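Quick notes on the structure that follows.
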Amino acid sequence: MKIALDASYSLDPNPTGVAVYSREILHGLANLYPAGWRWCYRPHRLRRAFSQPLPPGCRRWPLLDFWMPHAALFHGLNQRLPRARFPRTVATFHDLFVLTSEFSTPAFRARFAAQARDAARRASHIIAVSRFTASQAQELLGVEPARISVVPHGVRLTAPVEDTPREPLILFLGALQKRKNLVRLIHAFEQVPREWRLVLAGGSGFAADEIHQAVADSPRRDAITVTGWIPDTQVRRYLSRASIFAFPSLGEGFGMPVIEAMAWGIPVLTSNSSSLPEVAGEAAILADPNETDSIAAGLARLCGSPSLRQHLATLGRARASQFTWEAAVQRTWEVYQRLL
């Protein structure tokens, strides 16, 4: 039995959440279930694909709209499907903010929204990465609940770094873009005790100039570090040193950085909206992302209470253990089996 997947996003040089998801699902399925896998790449990624080793039982294939390998099922890993027809199709939906919010350029929103509508209409089944994203697919695209399975993202649990002291450092990890609400985070940071520092780690995205301007205008600008995109080694260094992880996003389909920070034993402040309360559970401080004072109050609680930070770090590691990539792979395979 041959199964084809869109592997294009797994080759992103600066991996986003979709790239991490794609890699984990592709390699997890190939390692656990040695079937006739076809990893398909859009033309602009195909040449690079040949520089990457393939697991046993996998073959590379160009992803073209009207010519594809024979397969019993095709899985689009980022809410889009080729026009080629397959007996069964699955599409993973990560979020649908292109339909509700101006968090990207009009051209991007129009293109991505059209792809999502097409995938919702034609997919045999949809995998949503959270109950929140499943509700978006139902309400915004009219997808019947019976055609949706919720399969959360996962995380790689890390061993505690006992010999690395935590510093008075508040960390944000993710793209510097409007949706991440970093201008309000910067203003909230200005209200915490002066010994604390803020690190914004990630590449620039939509409306990043507003974030850079807020840093430049801040009276605490000397205590704010903007790293740009950084490799995994530097990410791990910050995760081992930070005392607080701040992620007051205006909207997430899942919120992978929250679970990653919890896995590293960092107490988390995040938003009380979209998927974030669902993911964080009782293991984080929740703030109103539309209110700077709410974010500042949450940061103040964490900065002022080492015991609260330790309590949330313990709860967070337990929470993170409930989200594994092994479980995501297994549940994805079960979706395939039901369809086939």
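Sorted from largest down, give the three principal axis spans of the alpha carbons of the chain, whole angstrom values.
So the extents along the principal axes, rounded to whole Å, are 62, 43, 38.
For region 136-151, what does the Karplus curve 6.51 cos²θ - 1.76 cosθ + 1.60, with θ = phi - 60°, yield as ³J(HN,Hα) per residue in whole Hz, taken in order and with x for Gly and Pro?
4, 4, 5, 6, 8, 10, x, 6, 5, x, 5, 9, 10, 10, 8, 10
Return the distance in nm (one decimal) between the two label points of a simple spin-label model at residue 33 and residue 72, each offset 7 Å from Cα along Cα→Cβ.
0.9
Whose amide H sits under 5 Å from the amide H of residue 176, counting only residues 5 or more places off or on another chain, with H placed in the peptide plane?
Long-range HN contacts for residue 176: 203, 204, 205.
Kirkwood-based Rg over Rh for region 115-236 (C-alpha set), two decimals?
Dividing the radius of gyration by the Kirkwood radius yields 1.10.
I'd like the distance separating the alpha-carbon centroids of region 1-61 and region 87-161, in whole Å.
20
Tell me, in nm to one decimal, what length is gained between residue 314 and residue 236 on full extension, where the rule is 0.36 nm per residue of separation less the Cα-Cα distance? Mind dumping the intermediate values first?
Working: separation 78, 0.36 × 78 = 28.08 nm, distance 1.88 nm.
Extra length available between residue 314 and residue 236 comes to 26.2 nm.
Most fluctuating residue of 43, 267, 289 in a GNM of the chain with Cα springs under 10 Å: which is it?
Result: 43 has the largest fluctuation of those listed.
Check residue 169: other-chain or 5+ apart residues with amide H under 5 Å from its amide H, H built from backbone geometry?
Those qualifying (amide H under 5 Å, at least 5 residues apart or on another chain) are 197, 243, 244.
Given a Förster distance of 25 Å, report the FRET efficiency between residue 110 and residue 210 from their Cβ-Cβ distance, rounded to the nearest 0.05.
Values: r = 22 Å, r/R0 = 0.89.
With R0 = 25 Å, the Cβ-Cβ based efficiency is 0.65.
Between residue 83 and residue 44, take the C-beta separation as r, use R0 = 22 Å, and let me know the FRET efficiency to the nearest 0.05.
Working: r = 18 Å, r/R0 = 0.80.
The calculated FRET efficiency here is 0.80.
Can you list residues from other chains, or at least 5 along the same chain, whose modelled amide H is less than 5 Å from the amide H of residue 36?
Hits under the 5 Å cutoff: 3.
Please give the direction-averaged projected area of the C-alpha convex hull for region 13-165, in square nanometres with one decimal.
Details: hull surface 48.2 nm².
Over every viewing direction, the Cα hull of region 13-165 projects on average to 12.0 nm².
Take residue 290 and residue 222, extend 7 Å from each Cα along the Cα→Cβ direction, and tell me the distance between the two endpoints in nm.
Between residue 290 and residue 222, the simple spin-label model gives 3.7 nm.
How would you classify region 169-320 from its alpha-carbon gyration tensor, with a ≥ b ≥ c the square roots of the eigenvalues: rounded for a/c under 1.5, else prolate if a/b is greater than b/c, otherwise oblate? Don't skip to the answer; put the middle values down first.
Values: a/c = 1.31, a/b = 1.25, b/c = 1.05.
Rounded, because the longest to shortest axis ratio a/c is under 1.5.
Relative contact order for region 169-320: what is it in percent, counting Cα pairs under 8 Å that are at least 6 residues apart?
Working: 301 pairs, mean separation 39.1, N = 152.
Averaging sequence separation for qualifying contacts and normalising by length gives 26 percent for region 169-320.
From the phi of every residue in region 310-322, what ³J(HN,Hα) in whole Hz does the Karplus formula 6.51 cos²θ - 1.76 cosθ + 1.60 yield, where θ is phi - 60° and glycine or proline is x?
Karplus-based 3J(HN,Hα) across region 310-322 equals 5, 4, 5, 4, 5, 4, x, 5, 5, 5, 4, 5, 7 Hz.
Test of understanding: what is the full-extension gain from residue 305 to residue 52, defined as 0.36 nm times their sequence separation minus their Cα-Cα distance? Please list the in-between numbers first.
Working: separation 253, 0.36 × 253 = 91.08 nm, distance 4.69 nm.
Gain in length upon complete extension: 86.4 nm.
Tabulate in residue order the Karplus-calculated ³J(HN,Hα) for region 112-129, using 6.51 cos²θ - 1.76 cosθ + 1.60 with θ = phi - 60°, rounded to whole Hz; enter x for Gly and Pro.
5, 5, 5, 5, 5, 4, 5, 5, 5, 6, 9, 5, 5, 8, 10, 9, 9, 7
Every number here is computed from the coordinates shown, using simple stated rules; none is lab data. Source: prediction; values computed, not measured. All Cβ positions, glycine included, derive from the backbone under ideal geometry; neighbour counts span all protein chains shown.
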